[in-house]
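Before any comments, here is the structure.
No lab work stands behind these numbers, since they all come straight from the coordinates. As the structure is a prediction and not an experimental result, all values here were calculated from the model. Glycine also receives a Cβ, built like all others from the backbone with ideal geometry; neighbour counts cover every protein chain displayed.
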Amino acid sequence: MKIFHAVLLCCGLAIISCAGGYKFVDKSKVVLGRVDGRPITAAEMDSIAGAKNVIISDTTDVQLLKQNLLDSLINQKLIDIRVDSVKAILEQDRAFIEMRNSEIANNVFRLMFDGEITFKIQMDSSEIDSFYSQHPEQFMTPEQVRAAQILISIPKPETAGVKSAKAKEKIIAANEKESLKRAKAILAKAKSGENWDSLCAKYSEDKNTNQKGGDMGLISRGRMAAEFDSAAFSAEVGSIVGPVKTRQGFHIIKVSEHLMPTLKPLDAQLRGTIRASLFRNHEKEKADKFVDSLKSIAHYEFNEQVLNLPDSLVKADEWVMVVNGKDTVFADRLLQNLPKFMRLKKYTEATPEIKRELLQDMSVNNLLRAAGKDLGYYDNPKVISAGIEFTDNEARRKLEQILRDTTYQPTEDEVKAYYDRYFEERYREKKPLKVQHIIFQDSTLALIIRDSLLQGADFKEMALRYYPGEKEIREIAFDLGYISEQEMGPTFFEAVKQLEVGQISLPIKTVWGYHIAKLTDKRQDKTIDQVRPGIRDALKKNADNAVKKRILDQWRASANIVIDNRTLEKYEFPEVIKPINLNRGG
């Protein structure tokens, strides 16, 4: 008989035993303890066990495991309590509130754009057909030639020490003349019927194409220099023209195909491309109309007294504009955006009129926020969740700064001590030598084969011929890959360790016979310079953990922590973190 301990988890419920047998209990309502009144539930214990990838075996001290996980949950509760305190402080911080409002607004804008713009656009295939027929110039394949080239570069002139401009020009002209002479001679050979590919391989200085017949593929107009284009696109198919001078040198061009512009067929792919383009245009048009409609009915109230003050006398928290009687813009935002606006508009003086113009541009954000509220988008669960999450993340970020040692910087002595302490464990290369070998029972034969290898014989070929065992074994066993001392023993390892990469050893005697070994690669231990950044991070993390522990210990000492030991003892971990147990019975 097989007894299979399977998982039975359904809708967050678990089975626990009781005097009357088994019953279903919601583990989120099973309280294991409280921290300043906040419950720690069995469901949270399940969750943290899963998050830490806990696996329970027959040797696990389950009660100790429970206590360790409970300690982690207590720390989480202590942090959560302080997070709530930080949230309360943030609610008094205008800068944070503006950041959160901006984050919420961005979520609203995305939903509103979808609901008021994107989802209201209607398109059919006739619109795509009409655009295709009315704008054929947008869907033409370009005129192309298939060309190959032989490139003769113009050598860089040796003008060092030459002071006269005329002398320099003379040297440059001489170089160019010599290159042109060479190009003309090669052109003559090509036109006389000599093999093009051979000429290209012998003379062309274009390393990308000289070994493949100078093939440049299909070239569209405008891809190459104008001089090249002019010659290639006016040449007859099958002809060889040149030399054509560009800044790369002199080109001899062979044209094998000339394709005239053609209208692309309106297939599914092109139809999709046109649809996407038209859809974007419709989105922009509808979005512009939507914003214009909001602007047309907006009411602006400006703080003229502040707008007329010099910027240096304006306080950041003074209001400068109210939109529709409810949305206020403060001076800090105006002053932040004003320099960029001035540059964009090429204004030289920030007059009150210019400030009002900027504020009206800035008001679009406020108008969209107001529209989002009127249309109900701020009540969307996704938007509400985004605001809550933003506040929680910012509170945890600020609290995390408190729980870190922000001033600590590891010294070089500390880095060195850490490196020395963990060298064997972390930085010593465990398998440094990559080795191939052949085993012989006779050292004399081993020496003979070694001589053949030194004379240039292929090591793998010799291994496949002389390595003991079947062919399938020889093909695998001769290559040991990367090894440590443990795989082949200290005698073999030390002998190979003395070799340089590529060297072949004298016969090495082990319990298996005589080995001829070839060192194919050697990995070095990690140096302190290589691992210094990682060590510094580890030391900083240790310092952070020490600060965090000290602060958490202080919080714990002042907290009211109550543990229900009886319930904790009865708590059962989910079956999913326990090994499957198969028992055989009679």
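The figures follow:
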{"item": "In segment 166-210, trypsin sites (Lys or Arg not before Pro) in a DSSP loop with at most 16 other beta-carbon atoms within 10 Å", "result": "207"}
{"item": "Fewest-first sequence of 407, 444, 273 by Cβ atoms within 10 Å of each Cβ", "result": "407, 444, 273"}
{"item": "Total charge dipole magnitude, the chain, about the Cα centre, Cβ charges on Lys, Arg, Asp, Glu only, Debye to nearest 20", "result": "1180"}
{"item": "Whether segment 429-522 is rounded, prolate or oblate, judged on the alpha carbon gyration tensor where a/c under 1.5 counts as rounded", "result": "rounded"}
{"item": "Sequence-distant lysines (8 or more away, or on other chains) whose Cα lies within less than 28 Å of residue 191", "result": "177, 181, 202, 207, 212, 245, 254"}
{"item": "Residue 565 versus residue 153: modelled label distance in nm, points set 7 Å from Cα along the beta carbon direction", "result": "8.5"}
{"item": "MRE, 222 nm, helices only [DSSP H, n ≥ 4, -39500 (n - 2.57), over the chain, to nearest 500]", "result": "-16500 deg cm²/dmol"}
{"item": "Shape call, the chain: gyration tensor on alpha carbons, a/c limit 1.5", "result": "oblate"}
{"item": "Reachable lysines from residue 460, criterion Cα separation under 25 angstrom, eight or more residues apart if same chain", "result": "431, 434, 471, 497, 509, 518, 522"}
{"item": "Whole-number percent relative contact order across the chain, with pairs defined as alpha carbons under 8 Å at least 6 apart", "result": "20"}
{"item": "Value of Rg to Rh for segment 145-258 (Rh from inverse mean 1/r over Cα pairs, i.e. Kirkwood)", "result": "1.03"}
{"item": "Kyte-Doolittle at least 0.0, axis length at least 18 Å by Cα - qualifying DSSP helices, the chain", "result": "62-90"}
{"item": "Rounded if a/c under 1.5, otherwise prolate or oblate - segment 122-181, Cα gyration tensor axes", "result": "prolate"}
{"item": "Percent RCO, i.e. relative contact order, over segment 145-258, from Cα pairs under 8 Å lying at least 6 residues apart", "result": "41"}
{"item": "Sorted by Cβ density within 10 Å, fewest first, the residues 203, 300", "result": "300, 203"}
{"item": "Straight-distance crosslink candidates among aspartates and glutamates, where the alpha carbon sits under 15 Å from residue 27 and sequence neighbours closer than 8 are dropped", "result": "44, 46, 564, 569, 572, 575"}
{"item": "Stretch gain in nm, segment residue 431-residue 397, where the contour uses 0.36 nm per residue and the Cα spacing is subtracted", "result": "8.0 nm"}
{"item": "Under 13 Å, Cβ to Cβ, from residue 429 - net charge with Lys/Arg +1 and Asp/Glu -1", "result": "+4"}
{"item": "Mean Cβ count within 10 Å, highest first, over the residues of peptides 328-337, 494-503", "result": "328-337, 494-503"}
{"item": "Zone residues, segment 305-340, relative to residue 349, backbone N less than 17 Å from point 7 Å out along Cα-to-Cβ", "result": "307-312"}
{"item": "Positive minus negative residues near residue 99 (Lys, Arg vs Asp, Glu; Cβ under 11 Å)", "result": "-2"}
{"item": "Å³ per residue enclosed by the Cα convex hull of segment 223-301", "result": "191"}
